[in-house]
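Every number in this text was worked out from the coordinates using simple rules, so none of it is lab data. As the structure is a prediction and not an experimental result, all values here were calculated from the model. Here the Cβ positions follow ideal geometry from the backbone for every residue, glycine too, while neighbour counts run over all protein chains shown.
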Amino acid sequence: MTAAALLLTWSVLLAQLFLGLAMAFAAFRVLWGPRAQDRVLALDTLYVNGMMLLLTFGIRTGTTLYFEAALVIALLGFVSTSALAKFLMRGEVIE
């Protein structure tokens, strides 16, 4: 194994560990957030971290399935964050 491949392997592993730690902190904020706005922001952070974790799995394994799943999570996460923010501001999602 070359030095570049070894560096990439360890970098992806370290990134996965840090993303898992960030997801744990975001889950803590979702469960024990002082306000609803903090919980929505933590959910937004949680889906972004989950998406990045799937991307690092895709880099590690070399399959495109993880990249497609990350795209779906990104789309659904954006829509759900927008809907929750609108609900918190107006009290309704559909006008």
_Can you tell me how many residues within region 54-95 are within 17 Å of residue 14 (Cα to Cα) and either touching a Phe, Trp or Tyr at 6+ places or on another chain (Cβ under 9 Å) or charged (D, E, K, R) (or both)?_
7
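Residue 48: out of contact with any Cys (no Cβ under 8 Å at 6 or more places or on another chain), over 13 Å from residue 19 (Cβ atoms) and either touching a residue at least 40 places away in the same chain (Cβ under 8 Å) or of a type in the set (A, V, I, L, M, F, W, C) (or both), yes or no? First the steps, then the outcome.
Numbers: out of contact with any Cys (no Cβ under 8 Å at 6 or more places or on another chain): yes; over 13 Å from residue 19 (Cβ atoms): no; either touching a residue at least 40 places away in the same chain (Cβ under 8 Å) or of a type in the set (A, V, I, L, M, F, W, C) (or both): yes.
Here the answer is no, as residue 48 does not meet what is asked.
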*Taking only pairs six or more apart or across chains, which ones have beta-carbon atoms under 9 Å, a first residue in region 17-35 that is without any contact (Cβ under 8 Å) to a residue 40 or more places away in the chain, and a second residue that is assigned to a helix (DSSP H, G or I) and surrounded by fewer than 16 Cβ atoms within 10 Å (Cβ to Cβ)?*
29/38; 30/38
